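The values are calculated or read from the model by the stated rules, or taken from the named source; none is laboratory data. Note that this is a predicted model, so its numbers are computed, not measured. Here the Cβ positions follow ideal geometry from the backbone for every residue, glycine too, while neighbour counts run over all protein chains shown. Please note that ligands, DNA and RNA were not included when accessible areas were found on the heavy atoms of the full protein model with its side chains. Shrake-Rupley method; radii C 1.70, N 1.55, O 1.52, S 1.80 Å.
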Amino acid sequence: MNAEARLLRDHGHQVMKYERTNAEIYEDGTIADKLGALRNLTWSERSYREINKVIQAFKPDVMHVHNYKWLLSPSIFAAAKDRGVATVHTLHNYWMCAPCAALMRQGVICEKCLTKGNPAYVLFHRCRKEGNLLFSLLNYLYFRSIERRNKLADLIDGYIALTPFAKQKYILAGLPPDRIFVKPNGIADPLAVDRLVGDGGFALFIGRLSYEKGLQTLLDVWNRFDFPLQIAGDGPLRDSLKAASPSSVQFIGSLPNEEALDLLARCTFFVFPSIWYEGFPLSLLEATALGKASVATRLGARGELVEDGVTGHLYDPTDSEDLARKLSWMMNHRVEVREMGNRARKRYLKKFTPEKNYQSLMPIYETARDHSKREKRWI
């Protein structure tokens, strides 16, 4: 969201950012606040009124929403439509497809709710919050409310899917195909080539330390090697992963963005062991932009960023031997790895620069505005 806001401002557009955090409920809220949030779980009149005031003051042409779940609710789209403002929603996960949002169950890809058309599977399998029935129930109720509103098709003029792979999932989920546009995530700056890029003799992972990121399998395989691996990020599995890691693995915690990019620029290659579909991972995009070859799981749309054998290697997430072979090759073919990185950089310049992103975004806004004019919603 911040990258797109900067991109639009750089091209002369006026942008207002409206941000809220669910921490207002979970961490800072009183018991009354939490009960009120539960009462407004699927439709918040308070958020409707707040967005209505913002729109009256700013008078935007388009309201572009990245996330609204829980605190804001779908009522914000109604506020925009009632004021004649076109609405665009970027789909960062698979929330419109299934209550679990990740199409994953107990660490394994699962599409039951989507392919069998029954979101109640989330209750049977307790897919949310590691088996928590209450969270699974809340997500089920929220998802059912979206279904009853026709996946918000009457309120959203344009949906942005991050990849063609994701678009097909959303079509299967019942979103209107003619209103789903494919536009990948972007980064705010072109990552200037004068950043110190080199081969520092280590592999790198950047991301959240949680089960869906596939780090346990990566570390199990890494026991076979003495090649350094640096892990940047934090999360619920940090302590357990650190305790089970070989001495060649270093946990460096969360880093400011600039420091993370400097580290990325100096690594030998990047690893992306995530075991869920993901959307369009910024860390992989940044590695590509900085001319780094990557080893990534063969899942979802990874091939959009990692061309197997050309800009990196893809491996079967269920086959640790496949991962071991790919890692060993990267560690022992440093010259070829640099050549892969150079091809990755060229791929970025051809497809994913901020200018390419802008050229993709503006037609989506224009199409959404045209649809909004044809399909007005009256208060």
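Annotations for the structure displayed:
- Computed on the chain, with alpha-carbon pairs under 8 angstrom and 6+ residues apart, the relative contact order is 16 percent.
- Three-way shape call for the range 78-223 based on the alpha-carbon gyration tensor, with the a/c threshold at 1.5: oblate
- The charge dipole of the chain, taken about its Cα centre with unit charges on the Cβ atoms of Lys, Arg (+1), Asp and Glu (-1) only, comes to about 1140 debye.
- Accessible area of the range 95-182 belonging to carbon and sulfur atoms, whole % at 1.4 Å probe: 53 percent
- Global form of the range 90-147, assessed from the alpha-carbon gyration tensor, a/c cut-off 1.5: rounded
- Residues of the range 68-109 with amide N under 11 Å of the 7 Å Cα→Cβ point at residue 24: 71-73
- Using a probe of 1.4 angstrom and keeping all protein chains present, the accessible surface of the chain works out to 47 square angstrom per residue.
- Rounded to the nearest 10 degrees, the angle from helix 257-266 to the longest Cα principal axis of the chain is 30 degrees.
- Remark: spin-label model distance residue 226-residue 255 equals 2.5 nm, labels positioned 7 Å along the Cα→Cβ axis.
- Overall form of the range 200-264 per C-alpha gyration tensor (a/c, 1.5; a/b vs b/c): oblate
- Nonlocal amide H pairs with residue 61, under 5 Å, H built at 1.01 Å: none
- Accessible area (Å², 1.4 Å probe, nearest 10) - residue 325: 140 Å²
- Residues in the range 292-309 carry Karplus couplings, in order, of 10, 6, 10, 10, 9, 5, 8, 9, x, 10, 4, x, 5, 10, 10, 8, 4, x Hz; the curve used is 6.51 cos²θ - 1.76 cosθ + 1.60 with θ = phi - 60°, and Gly or Pro positions show x.
- Listed as lacking a disulfide-compatible partner in the chain: 97, 110, 113, 267, by the criterion of no other cysteine Cβ under 4.7 Å.
- Choice from 166, 37, 289 showing the highest fluctuation, given a GNM over the chain with Cα pairs closer than 10 Å: 37
- Shown here for the range 19-123: trypsin sites (Lys or Arg not before Pro) in loop regions (DSSP other than H, G, I, E, B) with at most 10 other Cβ atoms within 10 Å, namely 116.
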